[in-house]
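A quick write-up on the structure given underneath.
The values are calculated or read from the model by the stated rules, or taken from the named source; none is laboratory data. What you see is a predicted model; the values in this text were computed from it and never measured. With ideal geometry, Cβ positions are generated from the backbone for all residues, glycine too; neighbour counts draw on all protein chains shown. To get the accessible areas, we keep the full protein, side chains included, count just its heavy atoms, and leave off ligands, DNA and RNA. Shrake-Rupley method; radii C 1.70, N 1.55, O 1.52, S 1.80 Å.
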Amino acid sequence: MLKVLVTNKKFDEALSFAKYLKSSHNELSLGAINALLNLYYEYSKENILSDDEKQFILDANKTLYEKYKVLDSTTCEKLLHALCSINEWKKSIKVLDDINLTGTPSHSAYSFLIATLFKNNKRADALKIIEKSVQNRRPLQDIAYDEWMKYILRKFKDKETLLKYLNEICHHISNNCAVVSAATAQRLKESYECLNWNVNFTQIIQQSGKCRCCNKTLDCLTLSEEEFSILQKNVKEKLIVGSDLFLKTSPDELNRFLDFINKTSPYDVVLDGLNIAYSVGKSDINNRIKVLGTVIDHFIQQKKRILLLGRKHMLKWRQLHYLTRKTESFFIEDISQDDPYFITAAILSGAHTDIVSRDLLRGHRFSMQKEQLKQLFQRWQWQHQWMVLLPTYKLVIQPPLKFTPIAQKNESGWHLPYISEKNSTFGQINTGIPDCSSWLCLRQNSK
């Protein structure tokens, strides 16, 4: 009953029912306590809690821990949000630690606690929780960014100091390849305008990376030698017995593949053969051969050294042997997964090697445990992946981006991507490129 009332924002009725529940039971059930905690959290977003309501949250925190010692994650989540609503940040941090005993705190748990810490001027503690949220793949929500900006504008008055700490937010967005909401973008716009900056919503030209507002071009943040070696080391570690790649193939096939790579690499480009061939759909084999041949010829004309990776059933396709004469080629068993193979071949080949596939490789990126690795792989993918698209009847071979589509700082200011509420991807071909139509251009006025 409380859940229905709260969901429909019938707070007067919910508070009346809560009062009845508390007066008619000697001991409330765990479910009832959770429902009441959730009610007070939701109500506190736009209203001030009474002393009795605040006391109920404190009493619930005390009695729950006395009775259960260790709380389940659902109860912890409800308790954390309620404690934050009355600014009990120390108790909330303790509850957050308890959630980590049995699972991972939600996006909301992290962001609401971070917001509460900034609201109480606890910047150092907030930054520690932000770091934990990043490690647990929990990007900040609007409320966390909002209170972070409010803290800065409340705490500091000197323009240089204000700029230093606002830039800290932008660095966080950039370092974590984050894309903020339209609401947070608007709040950033207003905050920088307080410093007399020129701030505009803009678009980035996909082909060049140039901002339509300031005409500056975004940088291509190429992986450093150290960053690429971290990525390469991760790939090599997956080749050991018991790894993801090993489990998706046979030991003999894996050894044959690695011997082949050692003997024939480096390559300029690695083709995901089956994926490219099926860009024409399940049409006849001649069409598949034709599109594969077009892609191979495209790179032959550029004098590129090519590795064609495919599956063994493709060897039955007539005329395929004409294509394999132009490339190095390796065909895996039909039951093996080919994604790890062509990624492995490309990364082991060297930092210059490109890949061609329509696959967005989300599964491979998701399987990486560390956030740093996911971000390095994403940047490598943006810089090295060609896409084969067929938006009409004409084949398009889309080159990698010339810029890195993440928040970037240059000599005059910042460019940050955001998620526009107006944009819809319904019916569009997913090219793997982030939206270039929703960016924020922040420029410092020349003195």
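Odds and ends about this structure:
- Filter on Lys67/Lys119; Lys216/Lys402; Lys238/Lys326 - keep pairs with C-alpha separation over 21 Å: Lys67/Lys119; Lys238/Lys326
- Within the chain, the longest run free of exposed loop sites, counting chymotrypsin sites (Phe, Trp or Tyr not before Pro) that sit outside DSSP helix and strand states (H, G, I, E, B) and have at most 11 other Cβ atoms within 10 Å, spans 1-392.
- Helix axis angle, 225-237 relative to the chain longest principal axis, alpha carbon, degrees: 80
- Between region 251-320 and region 1-65, the alpha-carbon centres lie 62 Å apart.
- Springs join every pair of Cα atoms under 10 Å in this Gaussian network model of the chain, and among Lys69, Lys90, Lys19 the largest mean-square fluctuation is at Lys69.
- Considering only the chain, percent of DSSP beta bridges that pair antiparallel, nearest 5: 50
- Each residue of region 52-69 was assigned a 3J(HN,Hα) from its phi angle through the Karplus curve 6.51 cos²θ - 1.76 cosθ + 1.60 (θ = phi - 60°); the sequence is 5, 5, 4, 5, 4, 4, 5, 5, 4, 4, 5, 5, 5, 6, 5, 7, 10, 6 Hz, with glycine and proline shown as x.
- Adding -39500 (n - 2.57) for every DSSP H run of four residues or longer, then dividing by how many residues the chain holds, sets the calculated 222 nm ellipticity at -16500 deg cm²/dmol.
- Global form of region 1-155, assessed from the alpha-carbon gyration tensor, a/c cut-off 1.5: prolate
- Of all aspartates and glutamates in the structure, those lying under 17 Å Cα to Cα from Lys316, and not within fewer than 8 positions of it along the same chain, are Asp284, Glu333, Asp334.
- Here's the list of lysines a cross-link from Lys9 could span, going by alpha-carbon distance under 24 Å and ignoring same-chain residues fewer than 8 apart: Lys19, Lys22, Lys45, Lys54, Lys78.
- Taking a ≥ b ≥ c as the square roots of the Cα gyration tensor eigenvalues, region 1-40 comes out oblate, since a/c reaches at least 1.5 and a/b does not exceed b/c.
- Protein-only accessible surface at a 1.4 angstrom probe places the residues Val356, Val70 in the order Val70, Val356, largest first.
- Cross-link reach list, aspartates and glutamates versus Lys290, counting only Cα pairs under 20 Å and skipping chain neighbours closer than eight places: Asp272, Glu328, Asp359
- Most fluctuating residue given options His352, His81, His384, as computed from a GNM of the chain linking Cα atoms under 10 Å: His352
- Solvent exposure of the chain as accessible area per residue, Å², 1.4 Å probe: 52
- On Cα atoms only, tilt of 251-264 relative to the major axis of the chain in degrees: 60
- 0 to 90° range, to nearest 10: angle between helix 159-175 axis and the chain longest Cα axis: 50
- Percentage relative contact order, region 273-318, counting C-alpha pairs under 8 Å, at least six apart: 41
- Shape class of region 76-132 from the alpha-carbon gyration tensor: oblate, with a/c at 1.5 or above and b/c at least as large as a/b.
- Most fluctuating residue given options Gln301, Gln135, Gln383, as computed from a GNM of the chain linking Cα atoms under 10 Å: Gln301
- Shape annotation for the chain: C-alpha extents along the principal axes are 83, 59, 41 Å, from largest to smallest.
- Alpha-carbon Rg/Rh ratio, for region 242-359, with Rh computed the Kirkwood way: 0.94
- Cβ-derived FRET efficiency at R0 45 Å, Asn234 paired with Lys22, nearest 0.05: 0.25
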